[in-house]
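Contents: one structure, followed by commentary.
The values are calculated or read from the model by the stated rules, or taken from the named source; none is laboratory data. Computed from a prediction, not measured in an experiment: that's the story for all the values here. Cβ placement follows ideal geometry from the backbone for every residue including glycine, while neighbour counts extend to all protein chains displayed. Side chains included, ligands, DNA and RNA excluded: accessible areas come from the protein's heavy atoms. Shrake-Rupley method; radii C 1.70, N 1.55, O 1.52, S 1.80 Å.
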Amino acid sequence: MTARPAITRVLGDITEQRVDAIVNAANSSLLGGGGVDGAIHRRGGPEILAECRRLRAGRYGRGLPTGQAVATTAGRLPARWVIHTVGPVHSTTEDRSEQLASCYRESLRVAAELGARTVAFPAISTGVYRWPVADAARVAVRAVTEAAAVGAFVELRFVLFDEPAHRAFGAALAP
Ligand code: APR
């Protein structure tokens, strides 16, 4: 029986996290963007984009589909890997929760394959993709809790960039 990882939250910048893998809220092009995607590429340097371009030239010729995840180097960041995943854009007419949960599940599957022990997640889809943060936090915490056993993880950390997100994840993590 493997010990269960600590599932934690912190108010901060994901590019500063000293963990094995950080998860990027990317878009399907994998060629960068704003928000956390922009911060990771800016702070991580050109190696990350170079690897993303190779992924686009090969296996992901048509881009990374929503809900899937793929790893690259973390370049100059303290982490070893960046796991890029594409969140769903929030919809008021369609329930895309399963796609959002898949981002966390697939990121953990990739992290386990890499042998990562500590993983940091942003609040996927809650920025440009407009997902209400309270609901996104509930989906995220449930998905990470359910998938935590897929690897020998020590810590799974939600890194929140503002107080409302930090509060929402606190509520979702409360026993
Ligand atoms: N560290 C941690 N979290 C961050 C950081 C950071 N440095 N910068 C932004 N965030 C937070 C935002 O406050 C938000 O809560 O990450 C969350 C996700 O917001 P976005 O980065 O906008 O990502 P998302 O909503 O999933 O939209 C993805 O935006 O940047 C583009 O290329 C990206 O097209 C894609 C889309």
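Once you sort the root eigenvalues of the Cα gyration tensor of the chain as a ≥ b ≥ c, which label holds: rounded (a/c under 1.5), prolate (a/b larger than b/c) or oblate (the other case)?
rounded
Please work out how much accessible surface residue 135 shows to a 1.4 Å probe, ignoring ligands, DNA and RNA, in Å² rounded to 10.
50 Å²
With a 1.4 Å probe and every protein chain kept in, tell me what percent of the accessible surface of region 44-172 is carbon plus sulfur.
50 percent
Accessible area per residue of region 62-175 at 1.4 Å probe, in Å²?
Counting only protein heavy atoms, the per-residue value for region 62-175 is 45 Å².
Count the DSSP beta bridges whose two residues both fall in the chain, then state the antiparallel fraction as a percent rounded to the nearest 5.
In the chain, DSSP labels about 20 percent of beta bridges as antiparallel.
Kindly write out, for region 152-169 in residue order, the coupling ³J(HN,Hα) from the Karplus curve 6.51 cos²θ - 1.76 cosθ + 1.60 (θ = phi - 60°), rounded to whole Hz, with x marking Gly and Pro.
Result, rounded to whole Hz: 8, 7, 9, 9, 10, 10, 8, 10, 9, 9, 8, 4, x, 5, 4, 5, 4, 6.
Among 147, 120, 111, whose mean-square fluctuation peaks in a Gaussian network model of the chain (Cα, cutoff 10 Å)?
147
Mind checking which of 14, 79, 100 is farthest towards the positive end of region 1-106's charge dipole, using Cβ charges of +1 (Lys, Arg) and -1 (Asp, Glu) about the Cα centre?
79
Run lengths n ≥ 4 of DSSP H only: what is the helix-derived mean residue ellipticity at 222 nm for the chain, with -39500 (n - 2.57) per run over all residues, to the nearest 500?
Taking each H run of at least 4 residues, the total per residue is -12000 deg cm²/dmol.
State the Cα centre-to-centre distance between region 1-56 and region 90-145 in whole Å.
Centre-to-centre distance over Cα atoms comes out at 13 Å.
Could you run the Karplus curve 6.51 cos²θ - 1.76 cosθ + 1.60 with θ = phi - 60° over region 123-140 and give me ³J(HN,Hα) per residue in whole Hz, x for Gly and Pro?
Once θ is set to phi - 60°, the couplings for region 123-140 become 7, 3, 6, 8, x, 3, 8, 6, 6, x, 5, 5, 5, 4, 5, 5, 4, 5 Hz.
Just how much of residue 14 is accessible, in Å², when a 1.4 Å probe is used and the result is rounded to the nearest 10?
Roll a 1.4 Å probe over it and residue 14 shows about 10 Å².
In the chain, with Lys and Arg counted as +1 and Asp and Glu as -1 at Cβ, which of these residues, 58, 134, 161, has the Cα nearest the positive end of the dipole, that is, farthest along it?
It is 58.
List the residues, sorted by chain then number, that are 5 or more residues from residue 9 or on another chain and whose placed amide H is less than 5 Å from its amide H.
The answer is 158.
Where the only charges are on Cβ atoms (+1 Lys, Arg; -1 Asp, Glu), what is the dipole of the chain about its Cα centre, to the nearest 20 debye?
With Lys and Arg at +1 and Asp and Glu at -1, about 340 debye.
Taking the Cα centre of region 1-93 as origin and charging only Cβ (+1 Lys, Arg; -1 Asp, Glu), how large is the dipole, in debye to the nearest 20?
So the dipole magnitude of region 1-93 works out to roughly 180 debye.
What number, in percent, do you get for the relative contact order of region 16-60 if the mean sequence gap of Cα pairs under 8 Å and at least 6 apart is divided by its residue count?
Answer for region 16-60 is 32 percent.
Mind checking region 54-148 for trypsin sites (Lys or Arg not before Pro) that DSSP puts in a loop (not H, G, I, E or B) and that have at most 14 other Cβ atoms within 10 Å?
59, 62, 76, 130
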